1. Starting from segment 47-60, take each residue that is within 17 Å of Leu79 (Cα to Cα) and list its partners that are in a helix (DSSP H, G or I) and of a type outside the set (Val, Ile, Thr), counting only C-beta distances under 8 angstrom and pairs at least six apart or across chains.
2. Name the pairs: first residue in segment 23-39 and farther than 17 Å from Ser5 by Cβ, second residue at pLDDT below 95 and surrounded by fewer than 16 Cβ atoms within 10 Å (Cβ to Cβ), Cβ to Cβ under 8 Å, at least 6 apart or on different chains?
3. Take the residues in segment 29-64 that are touching a Leu at 6+ places or on another chain (Cβ under 8 Å) and in a helix (DSSP H, G or I); name whichever of them is surrounded by the fewest Cβ atoms within 10 Å (Cβ to Cβ).
4. Out of the residues in segment 1-19 that are crowded, with 18+ Cβ neighbours inside 10 Å and within 14 Å of the chain's Cα centre (by Cα), which is farthest from Pro75 (Cα to Cα)?
Amino acid sequence: MNKWSVSIQAEGDRPVELDEVVELADAVAPLGGVASGVGAMAYGAQILVEAESSDAAVEAAIPLFEAAVKTAGLPQWPLTRAEVVGEDEYDFDE
């Protein structure tokens, strides 16, 4: 199994408030995650998962993200982006 950082974004019809992003950040923190979206027409999170491939990482991350969104009380907006970076793709020497 490899570790992957998966960034997921959902877009909606209104700006996201600071308190909503704080709630999302709290919900993804146990997943090694961070949240974003204050003032944007979207919210998102970057979370860490273990999986065999990048595709499997996205498949594992989406339900975790959706559960965090529900816990945070955010609207269930459509997912518009998912990006994956494997731990071996980080260059820690720079």
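The values are calculated or read from the model by the stated rules, or taken from the named source; none is laboratory data. Owing to the predicted nature of the structure, the values given are computational and were not obtained by experimental measurement. Here Cβ is always computed from backbone atoms with ideal geometry, including for glycine, and neighbour counts include all displayed protein chains.
1. Between residues of segment 47-60 that are within 17 Å of Leu79 (Cα to Cα) and residues that are in a helix (DSSP H, G or I) and of a type outside the set (Val, Ile, Thr), the close pairs are Ile47/Leu31; Ile47/Ala61; Ile47/Leu64; Ile47/Phe65; Ile47/Ala68.
2. none
3. Out of the qualifying residues, it is Ile62.
4. Going through segment 1-19, the residues crowded, with 18+ Cβ neighbours inside 10 Å turn out to be 4-10, 16.
Checking the rest, the ones that are also within 14 Å of the chain's Cα centre (by Cα) come to 4-10.
On the way: Trp4: 26, Ser5: 23, Val6: 20, Ser7: 18, Ile8: 15, Gln9: 13, Ala10: 10 Å.
Among residues in segment 1-19 that are crowded, with 18+ Cβ neighbours inside 10 Å and within 14 Å of the chain's Cα centre (by Cα), the one farthest from Pro75 (Cα to Cα) is Trp4.
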